[in-house]
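The values are calculated or read from the model by the stated rules, or taken from the named source; none is laboratory data. Model, not experiment: these values are computed from the prediction. Cβ coordinates were reconstructed from backbone atoms using ideal geometry, including for glycine residues, and neighbour counts include every protein chain displayed. Just the protein is used for accessible areas: all its heavy atoms, side chains included, with ligands, DNA and RNA removed. Shrake-Rupley method; radii C 1.70, N 1.55, O 1.52, S 1.80 Å.
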Amino acid sequence: MAEPARADEPLLKTPLHAEHVALGARMVPFAGYDMPVQYPTGILTEHTWTREHAGLFDVSHMGQAALVGPDHETTARALEALVPADIVNLKPGQQRYSQLLSEEGGILDDLMVTRPADPAADGRLLLVVNASMKGADYAHMEARLPANVKLVRFEDRALLAIQGPKAAEVMARLAPDTADMTFMAVRPTKLAGLDVHLSRSGYTGEDGYEISVADKDAVALWRALLADPEVKPIGLGARDSLRLEAGLCLYGHDIDTNTSPIEAGLTWSIQKRRREEGGFPGAARIQREIKEGPARVRVGLKPEGRAPAREGTLITTPDGREVGIVTSGGFGPTVNGPVAMGYVSRDVSAVGTDLHLMVRGKPLPAKVAAMPFTPHRYKR
Amino acid sequence: MTTRYTKDHEYIRVEGDAGTIGISDYAQSQLGDVVFVELPSVGKSLAKGDEAAVVESVKAASEVYAPVSGEVLEVNSGLEENPGTVNEDPAGRGWFLKIRLTNPGELDGLLTEEQYQEFVKSIS
């Protein structure tokens, strides 16, 4: 058996690092940080706990920043020059998913954009970007922002996610005013006496919240949430299997600079006004792909049998024609079987199409499957 | 009956000219939850170091190599339905395959129980 690789470079630590170690987490290098991949009960148990109760995730490695301009319109227009989502019409207290695009319409990163609820924060947009991409994202934005819009990095904030069907009950016990929030709503509030900025969102397919909190308060908040018997800490291993079952893209795997949002099945994240008006990087390609359909598309794949098909697995037709590649794949604990996603030629992308996955040199029968593999349970 | 180990964390428990192969308790703990095991076909000839099986955890696939040369006599078909047995009882019900040793002298190159436990201490 092969030993897991160990990185030699010094790793960054989140404010919760000592908490993870004290809980017996197995720590691994991830995006330059020393992060918990699992706690002693293991990934299957953590995954199932999150689907049935509430899982608590440390996602402090992700990049938190703000764009700050004179008014909403100015800041929103500046960001709309870089992303395809409608930011101008974002309401106060609303969050939206989008992508930073290259001039060729490829995805440089995906991100969450929030217009704060507080009227005093007018002109600010809060951003959450991927840990591995934050340096590149910030440089990309700073080079393209107009002089009256500045990027402000939040280097002193942690990010926690609580996810699962019991998340709302747990949160309501700490702050009753969180119960009426709906998916992608945001607001500042107090949890366990601590100032936080909340959004009703996450990346597991479950109902839940992401909680931005000052570094200095992160441990107190983590412990307050874990004090609830419905809550257990969950590592990056289960986070990955949860988001895969939910059919959600992982940057650097399912989406990257070679994929457009249309190929990736993210057309829903480009609102009507922007589709028609364009005015974002790669608009010509994206508008063409919306109209004519892209040559290849991201699909769900359900292998027959029990063997998982991992990232990089070649996809062929039953008669051996190479039609694509798996970009994420593994075992879905809730599905109780292997699940995968990948890109295939559009002519073989219909749900139910029979394909082969070349696992260790052998063709493994699979079918194109509808995503998500596990239904989303967002609070609409 | 004697058990020998490789530095790749396979064990082989030898009785007469037959050996039972699996992965060590340390290996299963490092892998985490096992969700699938691919086993060879009965009758297959394996040379020492050949890929004998593949064990998949939630996170990744790992190869299991033949500690010594032999012919596959039997595989643990129970792992198909219950791959988690590898985590629960790696040295017992979680075995992978049995082989008939074709070169028992190769056992001398493997670690004893004591040497293996020392080795695990040195890497963990």
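Checked against (1) touching a strand residue (DSSP E or B) at 6+ places or on another chain (Cβ under 7 Å); (2) open to solvent by 10 Å² or more (accessible area, probe 1.4 Å); (3) within 14 Å of chain B (Cβ to nearest Cβ); (4) closer than 19 Å to B:Gln30 by Cβ, A:Asp34 passes all but condition (3). Is it the case that A:Thr189 is without any contact (Cβ under 8 Å) to a residue 60 or more places away in the chain and surrounded by 22 or more Cβ atoms within 10 Å (Cβ to Cβ)? No. For the residues A:Ala22, A:Ala76, the requirement of being open to solvent by 10 Å² or more (accessible area, probe 1.4 Å), at pLDDT 95 or above and hydrophobic (A, V, I, L, M, F, W, C) singles out A:Ala22. Scanning segment B:40-57 for residues that are within 11 Å of another protein chain (Cβ to nearest Cβ) and either open to solvent by 10 Å² or more (accessible area, probe 1.4 Å) or in contact (Cβ under 8 Å) with a residue 60 or more places away in the chain (or both) gives a single hit, B:Glu51.
Selection over segment A:59-73 of residues that are in a strand (DSSP E or B) and open to solvent by 20 Å² or more (accessible area, probe 1.4 Å) gives a count of 1. Taken together, the criteria exclude B:Pro67 from residues that are surrounded by fewer than 21 Cβ atoms within 10 Å (Cβ to Cβ) and either within 12 Å of chain A (Cβ to nearest Cβ) or not small (Gly, Ala, Ser) (or both).
A count restricted to segment A:11-47 and to residues that are touching a Leu at 6+ places or on another chain (Cβ under 6 Å) and more than 18 Å from B:Ala60 (Cα to Cα) stands at 3.
Does B:Val68 satisfy the condition of being modelled with pLDDT of 95 or more and not in a loop (DSSP other than H, G, I, E, B)? No; evaluated as a whole, the condition is false for this residue. Of the residues making up segment B:1-23, those that are at the interface with another protein chain (Cβ under 9 Å from one of its Cβ atoms) and not in a strand (DSSP E or B) number 3. Do you know which residues across segment B:73-109 are within 14 Å of B:Lys48 (Cβ to Cβ) and either among the acidic types (Asp, Glu) or within 13 Å of the chain's Cα centre (by Cα) (or both)? Passing the criteria: B:Ile99, B:Glu106, B:Asp108. Where strands (runs of 3 or more DSSP E) sit wholly within segment A:102-161, those with at least 1 residues that are without any contact (Cβ under 8 Å) to a residue 60 or more places away in the chain occupy A:107-115, A:124-129. The residue of segment A:245-265 that is nearest to A:Tyr203 (Cα to Cα), among those that are hydrophobic (A, V, I, L, M, F, W, C) and open to solvent by 10 Å² or more (accessible area, probe 1.4 Å), is A:Leu248. Each residue in segment A:281-297 was checked for being over 22 Å from A:Val368 (Cβ atoms) and surrounded by 17 or more Cβ atoms within 10 Å (Cβ to Cβ), and 6 of them qualify. Residues in segment B:70-110 that are away from every other protein chain (no Cβ under 14 Å) and of a type in the set (D, E, K, R): B:Glu71, B:Glu74, B:Asp89, B:Arg93, B:Lys98, B:Arg100, B:Glu106, B:Asp108. Quick check: is even one residue across segment A:267-280 touching a Gly at 6+ places or on another chain (Cβ under 9 Å) and open to solvent by less than 10 Å² (accessible area, probe 1.4 Å)? No, segment A:267-280 contains no residue that is touching a Gly at 6+ places or on another chain (Cβ under 9 Å) and open to solvent by less than 10 Å² (accessible area, probe 1.4 Å).
Table: residues versus (1) closer than 30 Å to A:Ala340 by Cβ; (2) of a type in the set (Ser, Thr, Tyr); (3) more than 11 Å from the chain's Cα centre (by Cα).
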site	(1), (2), (3)
B:Ser29	yes, yes, yes
B:Glu38	yes, no, yes
B:Ser41	yes, yes, yes
B:Gly49	no, no, yes
B:Ala53	yes, no, no
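For segment A:323-380, filtering for residues that are within 14 Å of chain B (Cβ to nearest Cβ) and either open to solvent by less than 40 Å² (accessible area, probe 1.4 Å) or under 30 Å from A:Met181 (Cα atoms) (or both) leaves 16.
Kindly state which helices (runs of 4 or more DSSP H) lie completely within segment B:77-124 and contain at least 2 residues that are surrounded by 16 or more Cβ atoms within 10 Å (Cβ to Cβ) and in contact (Cβ under 8 Å) with a residue 12 or more places away in the chain. Passing ranges, in order: B:85-88, B:113-123. I'd like to check something: does segment A:219-235 contain any residue that is in a helix (DSSP H, G or I) and free of Cβ contacts under 8 Å to residues at least 24 places away in the same chain? So far as segment A:219-235 goes, no, none of its residues is in a helix (DSSP H, G or I) and free of Cβ contacts under 8 Å to residues at least 24 places away in the same chain.
For every residue, the table says whether it meets (1) of a type outside the set (A, V, I, L, M); (2) farther than 26 Å from A:Gln38 by Cβ.
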position: A:Val152; (1), (2): no, yes
position: A:Thr178; (1), (2): yes, yes
position: A:Phe183; (1), (2): yes, yes
position: A:Ala214; (1), (2): no, yes
position: A:Ala238; (1), (2): no, no
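With respect to the numbered conditions (1) open to solvent by 20 Å² or more (accessible area, probe 1.4 Å); (2) away from chain A (no Cβ under 11 Å), which one is the sole condition not fulfilled by B:Ser29? Unmet for B:Ser29, out of (1) open to solvent by 20 Å² or more (accessible area, probe 1.4 Å); (2) away from chain A (no Cβ under 11 Å): (2).
Here is the figure for segment A:132-150: residues that are more than 16 Å from A:Tyr33 (Cβ to Cβ), open to solvent by 70 Å² or more (accessible area, probe 1.4 Å) and within 20 Å of the chain's Cα centre (by Cα) total 0. Annotation: A:Lys216 fulfils all but one of (1) charged (D, E, K, R); (2) away from every other protein chain (no Cβ under 14 Å); (3) open to solvent by less than 20 Å² (accessible area, probe 1.4 Å); (4) under 25 Å from A:Leu23 (Cβ atoms); the unmet one is (3).
It is to be established whether one or more residues within segment A:293-312 are of a type in the set (Val, Ile, Thr) and either closer than 30 Å to A:Leu82 by Cα or touching a Pro at 6+ places or on another chain (Cβ under 8 Å) (or both). Checking segment A:293-312: at least one residue is of a type in the set (Val, Ile, Thr) and either closer than 30 Å to A:Leu82 by Cα or touching a Pro at 6+ places or on another chain (Cβ under 8 Å) (or both).
Hey, does segment A:38-58 have a residue that's buried (at least 17 other Cβ atoms within 10 Å of the Cβ), within 14 Å of chain B (Cβ to nearest Cβ) and part of a strand (DSSP E or B)? Within segment A:38-58 (the criterion being buried (at least 17 other Cβ atoms within 10 Å of the Cβ), within 14 Å of chain B (Cβ to nearest Cβ) and part of a strand (DSSP E or B)), the answer is yes, since at least one residue qualifies.
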